[in-house]
Amino acid sequence: MAAAQRRKISRRVRFSYATSTVSMTLVLFLLGAIGFIMANLFSTTKRMRESVTMIVELKDNLSEAERDTVAVRLAESDMVASLKFVSKEDKAADEEFQRVFNIDIKGVLGDNPLPDSYDVTLSALSSNKEQLEKFAEEARKIEGVDFVSYPQSFIADMHSTLDTMQLIMLIFGGALLVVSFVLLNNTVRLAVYSQRELISTLKVVGATKWFIMRPFVGRSALQGFLAGVIAALLLGASLYALNTTIPGIGILPKWEVLAIFAAAMITIGIVVAVVCTLPVVNRFVNMKSNKIYLC
C-alpha cells in the first residue's frame, strides 16, 4: 500500500513538473516574442525619426574653407545625425532632376542658378518642435547660409504618430508582462502545491527546513532554465521560419541579438521560478502537518 502511494505521488510530481515546464515555456516564448516585436518597433521608429532631411542652402561663391566652416557649425548640434555636401553641379546632373524638368539649365539660362547646399539628416531629437525650430533659426544665422528649409508639418505628424505607436506598445507590452508574471507565478505555485504531501512526509521524519526547501528551489531553477532554453529555441525557429517563408521581411536578427534575447528569457525563467517557489515552500514547511491537506 505504501509503495503504491509512493508511486502515485511520484507520478503526480512528474506530471506537475512536466505541465508547469510546458506552461513556463509557452509564457516565456510569449514574453520573448513581445520583447522582440517591441525592440524592432523602437528600432524602426528611431530610424524613421532620423530619416528627415533639412536643406541648408549656401550663398554663392563661398570658398571651400567657408563651406567647411558652415559644416563644422552645423555638426556641433546634437540635432544633426549626419550631413552631406551637394554641389550645384551634382544637382543639375541628378537623374531625378533631369527627369522632372527635362531641360539643360546652362543652355537655357547660360548659368547654373542652383545653390550649393548641405543635406542635414536630423537626429531623433527633432521630435522636439521647439528645439528643432531653435536649431533652424541658429542655422540661418551661420555666416554663409542663405536659406534653410525642412518639412515642418510632416515632421510634427510623423513624430506624433510614432509617439502614439510607442505608447500603445508600451502599455500592451506592460500588460502582457504583468499577465505573464502572474501566469508563471501560479504555474510554479501549483507545481509546489501538488507536492505538499511530500513536504509533510519530510517534516514528519524530522527533515530541517533548508533540507526540505533546497531540492524544491534547485528543481525550480532547473525548470526555469529548461523552459527558457526551449522558449529561446522556439523563438529562434519561429523567426527563421518566418524569414524563410517571407524572405523580403528581413526579420531574422543577428546571432548576437538572438543570444541576448535567449539569455534574457533563460534568466527570467530561473529568477521567476525561484522567487515564486521560495515563499510557497516556506509556507508549507512552516504550516502544521494537519493543515497542509486543508489548503
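Please go through segment 47-65 and pick out each residue that is among the charged types (D, E, K, R) and either surrounded by 14 or more Cβ atoms within 10 Å (Cβ to Cβ) or touching a Phe, Trp or Tyr at 6+ places or on another chain (Cβ under 8 Å) (or both). If the condition is that a residue be among the charged types (D, E, K, R) and either surrounded by 14 or more Cβ atoms within 10 Å (Cβ to Cβ) or touching a Phe, Trp or Tyr at 6+ places or on another chain (Cβ under 8 Å) (or both), then ARG49, GLU50, GLU57, LYS59 are the ones that fit.
Quick check on segment 40-63: of everything there that is more than 23 Å from GLU89 (Cα to Cα) and free of Cβ contacts under 8 Å to residues at least 40 places away in the same chain, which residue is nearest to the chain's Cα centre (by Cα)? Checking each candidate, the answer is SER43. Quick check: is even one residue across segment 48-59 in a helix (DSSP H, G or I), more than 26 Å from ALA156 (Cα to Cα), modelled with pLDDT under 85 and not charged (D, E, K, R)? Checking segment 48-59: not a single residue is in a helix (DSSP H, G or I), more than 26 Å from ALA156 (Cα to Cα), modelled with pLDDT under 85 and not charged (D, E, K, R). If you go through segment 117-143 and keep only what is outside any helix (DSSP H, G or I) and basic (Lys, Arg), you end up with just LYS141. Every listed requirement among (1) open to solvent by 30 Å² or more (accessible area, probe 1.4 Å); (2) among the polar types (S, T, N, Q); (3) in contact with a Ser or Thr (Cβ under 8 Å, 6 or more places away or on another chain) is met by ASN40 save one, (3). Is it true that some residue in segment 93-110 is modelled with pLDDT of 80 or more and within 30 Å of ARG49 (Cα to Cα)? There is no residue in segment 93-110 that is modelled with pLDDT of 80 or more and within 30 Å of ARG49 (Cα to Cα).
The values are calculated or read from the model by the stated rules, or taken from the named source; none is laboratory data. Just so you know, these numbers come straight off a predicted model, no measurement behind them. Heads up, the Cβs are rebuilt from the backbone with ideal geometry, glycines too, and the neighbour counts pull from every protein chain shown. Please note that ligands, DNA and RNA were not included when accessible areas were found on the heavy atoms of the full protein model with its side chains. Shrake-Rupley method; radii C 1.70, N 1.55, O 1.52, S 1.80 Å.
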